[in-house]
Amino acid sequence: MLITLLILFTVSCILAVMYPYLIYPAVLAASKARPVRLGPSDCGDGADFTLLFCAYNEASAMPQKLANLRELRRQYPAMQFMAFDDGSADGTADLIAQGAPFVTLVRGGGRNGKAHGMKLMAGQATSRYLIFTDANVLLDLQAPRALFACYADQEVGGVCGALHYLGADGSATAAVGGLYWRLEEKIKDLESRSGSVMGADGSIFSIRTALYPSFPDTVLDDFTVSMEVVFRGLRLIKCNDVVAYEQLVSVRADEFARKVRISARAFHTHAVLAPKRRQLTSDNRFRYFSHKTLRWFGGAFLLAGAAAGVVALSLLWPLLGMVSVLVLIAVAIVGTKMTRGPLSSLVEVVLAMLATLQGVARAVRGQTFAVWNPAKSR
């Protein structure tokens, strides 16, 4: 009886790990479509848009970023551009001031964090729509036109773009990161097809300026701001014609630290948004639980399922249980030393789940991350 219960528990944990990535997308695919009523894409001189980004020690990314901003400026001469420098020590702010004088530069004077900077800039913007991006992200020149077409539908309050990763170096970290992102993009496509996406990535998204909320500096601002659209009863959709490009992180330590930081802030944000989450429709509550909540605890399900499986094997045959433990240890040791191949990729997936769980644990203990550092391996 105990062995049966342990096996059922192990299977349940496996299903809980797989659900957000395989079962939930299948449910979305079977849902009724809600087409977006697109309008004309001619946004004229771009006066309806303000593009905002924050930067900290991004001097290496500035040549490409500023060239991209200058191209956008030529296409949309009336678009507003704003940048917040969070006390960079590598001359990032000076590069922006010299290379793109049309950008309204806000100097933070120290480490205040992205959320703080975005709030300052959004409060100064006077356009109808805000475009949020990152310092190392390049925006396709047709993106504003695609956004303008989406906003013709009055039910649309915000738009997530399609992020394309550049320069994957063949490492398992980059490969898994790219695979994860392609799956994430597919899930957002399915959510958008039938309703709303459950939060945007800060690399590229847009909202109506009137929807910008107030929030503390400790939250994940892109998630908070994009979910405000859903909280207000409007649709947050994804448009694959709104394209941006970013470099993949290729070093395992960089990616692990990034996931810990992001998941800690995301779970902290989840707690801060509790009053608003309770007002979600039943459909959006289901989406939020499936897309966000379960993923935060994937590492816990993985560890619990592995432990229950080992105990079940040990009860069946003690030697089998011992062998299974040795195999898991060997896979972990060999996989962490490899940088390419399926075994290394498997370890990357497990590490990503454990990093997320560690971030959640830090958030529960009250530890938050208001500031950030760019990955060195981009």
* In the range 255-286, which residues are farther than 19 Å from T368 by Cβ and open to solvent by less than 40 Å² (accessible area, probe 1.4 Å)? -> E255, L280, N284
* **Test set (1) farther than 26 Å from D42 by Cα; (2) at pLDDT 95 or above - R111 fails condition number** => (2)
* **Output for the range 278-318, where each listed residue is of a type in the set (G, A, S) and not in a helix (DSSP H, G or I)** => none
* When L95 is evaluated against the numbered criteria (1) under 28 Å from Y151 (Cα atoms); (2) surrounded by 14 or more Cβ atoms within 10 Å (Cβ to Cβ); (3) modelled with pLDDT of 95 or more, which criterion, by number, is the only one it fails? -> (1)
* Among (1) more than 17 Å from T133 (Cα to Cα); (2) open to solvent by 10 Å² or more (accessible area, probe 1.4 Å); (3) acidic (D, E); (4) outside any loop (DSSP other than H, G, I, E, B) - the single one E191 does not satisfy -> (2)
* Does T126 qualify as being open to solvent by less than 70 Å² (accessible area, probe 1.4 Å) and touching a residue at least 24 places away in the same chain (Cβ under 8 Å)? -> no
* Asked: Got a sec? Which of A308, A300, A332 is modelled with pLDDT of 85 or more and open to solvent by 30 Å² or more (accessible area, probe 1.4 Å)?
  -> A300
* To do: Within the range 216-234, count every residue that is modelled with pLDDT of 95 or more and part of a loop (DSSP other than H, G, I, E, B).
  => 3
* To do: Would you tally the residues in the range 68-101 being under 12 Å from L139 (Cβ atoms), free of Cβ contacts under 8 Å to residues at least 40 places away in the same chain and under 25 Å from the mean Cα position of the chain (by Cα)?
  => 2
* Scan the range 150-187 for residues that are part of a helix (DSSP H, G or I), at pLDDT 90 or above and open to solvent by less than 10 Å² (accessible area, probe 1.4 Å) and jot them down. => C150, I187
* Unique residue being without any contact (Cβ under 8 Å) to a residue 40 or more places away in the chain, out of contact with any Ser or Thr (no Cβ under 6 Å at 6 or more places or on another chain) and either within 30 Å of A97 (Cα to Cα) or open to solvent by 30 Å² or more (accessible area, probe 1.4 Å) (or both) when the list is A30, A59 -> A30
* **Selection count, the range 101-140, where residues are within 21 Å of S60 (Cα to Cα), out of contact with any Leu (no Cβ under 8 Å at 6 or more places or on another chain) and outside any loop (DSSP other than H, G, I, E, B)** => 6
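The values are calculated or read from the model by the stated rules, or taken from the named source; none is laboratory data. Keep in mind it's a predicted model, so treat the numbers as computed, not measured. Positions of Cβ are generated from backbone atoms using ideal geometry, with glycine treated the same way; all protein chains shown enter the neighbour counts. When the accessible area is computed, the model is the full protein with side chains, heavy atoms only, and any ligands, DNA or RNA have been set aside. Shrake-Rupley method; radii C 1.70, N 1.55, O 1.52, S 1.80 Å.
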